[in-house]
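Enquirer: Shown below is the structure under consideration.
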Amino acid sequence: MMCLKGSVNMEFIHENNQIVVYSPDKKILAEVDFPLEADGMVNVNHTFVDDSLRGQGVAGKLMEELVAALRKTGTKARLSCSYAVSWFGKHPECGDVLHE
């Protein structure tokens, strides 16, 4: 997995079918949503990064967090988010979490 160089120290909160970064005032600064579609399969359908964090590799780090969470639970993913499709296309080593 790739690592962010000089990454901002952020706390990624793993919630039910979502990984989120909140500001101190609880505003969502970054998120990836992956609702359950079927038993053992989620749909990665939305990735968001606030303008204040763009260009720092935050979306890629969200994907890394997602892959780790999916591997841990044995869950497979279908991709309908254009960013996720692009990211997984560039990271074939993470394809083991994708639904065939």
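Values quoted throughout were computed directly from the atomic coordinates according to the rules given, and no laboratory measurement underlies them. Nothing here was measured: the structure is a model prediction, and the numbers come from that model. Here the Cβ positions follow ideal geometry from the backbone for every residue, glycine too, while neighbour counts run over all protein chains shown.
Enquirer: Give the stretch 6-63 a look and list any residue that's on the phi > 0 side of the Ramachandran plot, among the small types (Gly, Ala, Ser) and in contact with a strand residue (DSSP E or B) (Cβ under 8 Å, 6 or more places away or on another chain), or say none.
Expert: If the condition is that a residue be on the phi > 0 side of the Ramachandran plot, among the small types (Gly, Ala, Ser) and in contact with a strand residue (DSSP E or B) (Cβ under 8 Å, 6 or more places away or on another chain), then Gly40 is the only one that fits.
Enquirer: Moving to a separate point now. Give Lys76, Lys72, Lys90 a once-over and let me know the one that is more than 14 Å from Glu31 (Cβ to Cβ) and in contact with a strand residue (DSSP E or B) (Cβ under 6 Å, 6 or more places away or on another chain). If you could, list the steps in order and put the result at the bottom.
Expert: On the way: Lys72 fails: in contact with a strand residue (DSSP E or B) (Cβ under 6 Å, 6 or more places away or on another chain); Lys90 fails: in contact with a strand residue (DSSP E or B) (Cβ under 6 Å, 6 or more places away or on another chain).
Answer to the selection: Lys76.
Enquirer: Since Met41 meets every condition but one in (1) in contact (Cβ under 8 Å) with a residue 40 or more places away in the chain; (2) closer than 19 Å to Glu15 by Cβ; (3) out of contact with any Lys or Arg (no Cβ under 7 Å at 6 or more places or on another chain), which condition does it not meet?
Expert: (3)
Enquirer: So, one more: Quick one: in the stretch 87-100, of everything that is surrounded by 14 or more Cβ atoms within 10 Å (Cβ to Cβ) and without any contact (Cβ under 8 Å) to a residue 40 or more places away in the chain, which residue is farthest from Asp39 (Cα to Cα)?
Expert: Looking at residues that are surrounded by 14 or more Cβ atoms within 10 Å (Cβ to Cβ) and without any contact (Cβ under 8 Å) to a residue 40 or more places away in the chain, I get Trp87.
Conditions tested, residue by residue: (1) touching an Asp or Glu at 6+ places or on another chain (Cβ under 8 Å); (2) touching a residue at least 12 places away in the same chain (Cβ under 8 Å).
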| residue | (1), (2) |
| --- | --- |
| Asn16 | no, no |
| Gly57 | no, yes |
| Leu62 | yes, yes |
| Leu70 | no, yes |
| Gly74 | no, yes |
| Ala84 | no, yes |
